[in-house]
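The structure under discussion appears below in the form of structure tokens.
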Amino acid sequence: MRAPPRLYALAAAAALALAGTALVPAAAATAASAPATTTAPAAAGPAGAPSKRLAPEAAPPKLRASGNKLVDETGATRRLLGVNRSGGEFMCVQGRGIFDGPVDDASVKAIADWKVNTVRIPLNEECWLGLSHINPAYGGANYIAAVKALVARLEAHGITPVVELHWTHGRYTGGDSHCPDTEYATCQKPMPDAQYTPAFWTSVARTFGNDQAVVFDLFNEPFPDRATSDLTAAWKCWRDGGSCPGIDFPVAGMQTLLNAVRATGAKNLVLIPGVAYSNDLRQWLTYKPNDPAGNLAAAWHGYNFNTCASESCFDQQLAPVIAQVPFVAGEIGENTCSHGYIDRVMAWLDAKGASYLGWTWNTWDCSSGPSLISDYNGTPTNFGVGLRDHLKGMQ
């Protein structure tokens with residue numbers, strides 16, 4: 001899911017839908033606030049199995065992959081069920097703050113009240129690393145501190161934080177280019193860059209590596225397949241990086257980023273997306289990176305306007321992956337301001353015991369991009385009602 005800058009957000013809507021990913025309008029910023037002091041229960045276990053919920057004041061579990069399931073320290077099966085909290089990927093690089101809207105205790109409690117057990121936090125590598133063109137008020141140490149504070153608030157509510165790299169450096173002028181006039185991390189790029197992304201993940205892993213309740217999501221929505229018509233070359237680029245066909249900058253592949261994480265000693269669960277904006281996982285198992293920690297999950301994004309948006313496609317393309325590794329739908333949504341599509345997706349994933357996170361917990365117009373809420377008290381949009389009621393009904 002992309003979060004385009006305000007100046008071209010509305011004009012880009014139709015193009016983004018054709019490209020295979022949803023529009024995210026930008027909104028006003030609010031800085032981080034005080035740490036949380038309350039907790040909320042976690043969401044249900046796989047369909048057909050007993051649920052294991054967090055007791056009040058319980059910390060989120062330390063997750064690991066076991067076969068094709070996620071389990072906690074006791075070996076109990078867990079699922080990641082929740083929402084995305086967009087803002088950290090675009091506010092800082094636009095010079096407007098760090099998060100889009102409040103991330104104080106009250107706002108986190110509102111998320112928890114939906115019976116959410118996981119929140120995915122999109123980030124910007126230039127802001128995390130504090131590059132010179134980023135306002136220091138919103139970058140470097142200040143940015144890292146704000147992210148750490150949000151992670152702490154989520155954990156205080158028993159919620160699993162997923163820290164995810166959304167926007168990255170590198171000028172890209174090929175197919176599906178979204179900001180060809182700049183190398184800065186102001187839009188979604190087809191692949192991570194070798195110049196900064198390994199350093200980003202080294203720093204993130206050192207920051208959160210002692211807390212295995214934090215999940216790492218390596219890169220939002222790769223699309224090397226839009227840069228070349230050679231699908232095999234695209235998947236090799238995805239895994240190995242280097243000089244990739246159609247991409248203007250040196251690429252850091254998924255293996256390189258995973259190596260950067262593991263070199264710090266961090267054993268956290270790592271999510272690795274597919275290609276085609278994370279909608280295509282057909283060769284994920286073939287090109288799966290090697291993980292010495294054995295703690296990987298496949299990540300998929302599903303929207304009503306994607307190519308793989310039907311149960312028949314899910315059965316053909318996703319089921320073989322789900323049979324072998326843990327599976328997390330890191331983003332699900334639709335641009336209809338309704339919930340018919342995600343109702344079907346959640347039902348299919350429930351039957352497989354897989355995980356899913358709705359896009360997004362931001363107060364945008366749900367007809368121009370999938371927005372779950374109309375205010376930060378948790379009032380759902382017509383789209384958000386579907387996710388809220390489904391999660392609450394799983395108790």
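Just so it is clear, none of the values below were taken in a lab; they were calculated from the coordinates. Everything numeric in this text was worked out from a predicted model, so none of it was measured. Positions of Cβ are generated from backbone atoms using ideal geometry, with glycine treated the same way; all protein chains shown enter the neighbour counts.
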- Query: Using unit Cβ charges (K, R positive; D, E negative) and no other charged atoms, how large, in debye to the nearest 20, is the dipole of region 251-395 about its Cα centre?
  - Reply: 480 debye
- So the FRET efficiency between V385 and A106, C-beta based with R0 = 35 Å and rounded to 0.05, is 0.95
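Counting GluC sites (Glu not before Pro) as exposed when in a DSSP loop with at most 14 other beta carbons within 10 Å, what is the longest stretch of the chain free of them?
Details: sites that count: E57, E73.
No qualifying site falls inside 74-395, the longest such stretch.
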- Message: With just the Cα atoms defining each centre, how far is region 193-245 from region 91-168? Give it in Å.
- Response: 20 Å
- Task: Give the total of Lys-Lys pairs in the chain with Cα-Cα distances below 22 Å; include a pair only if its members are 8 or more places apart or on different chains.
- Result: 26
- Task: May I ask you to compute the full-extension gain from T286 to D113, defined as 0.36 nm times their residue separation minus their alpha-carbon distance, rounded to one decimal in nm?
- Result: 58.3 nm
- Name the residue farthest towards the positive end of the dipole of the chain from the options T307, T160, V119, assuming +1 on Cβ of Lys and Arg, -1 on Cβ of Asp and Glu, about the Cα centre. T160
- Tell me the label-point distance for the pair S66, S229, using the 7 Å Cα-to-Cβ offset, in nm and rounded to one decimal. 4.9 nm
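Whole-Å semi-axes of region 290-395's equivalent ellipsoid, largest first, each the root of 5 times a Cα gyration tensor eigenvalue? Walk me through the numbers on the way to the answer.
Working: eigenvalues 130, 46, 34 Å².
That gives 26, 15, 13 Å for the three semi-axes.
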- Provide the FRET efficiency to the nearest 0.05 for the A199-E73 pair, computing r from the beta carbons and using R0 = 35 Å. 0.65
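Can you work out the FRET efficiency for the pair A58 and A347, with r the C-beta to C-beta distance and R0 = 30 Å, to the nearest 0.05?
Numbers: r = 28 Å, r/R0 = 0.95.
The calculated FRET efficiency here is 0.60.
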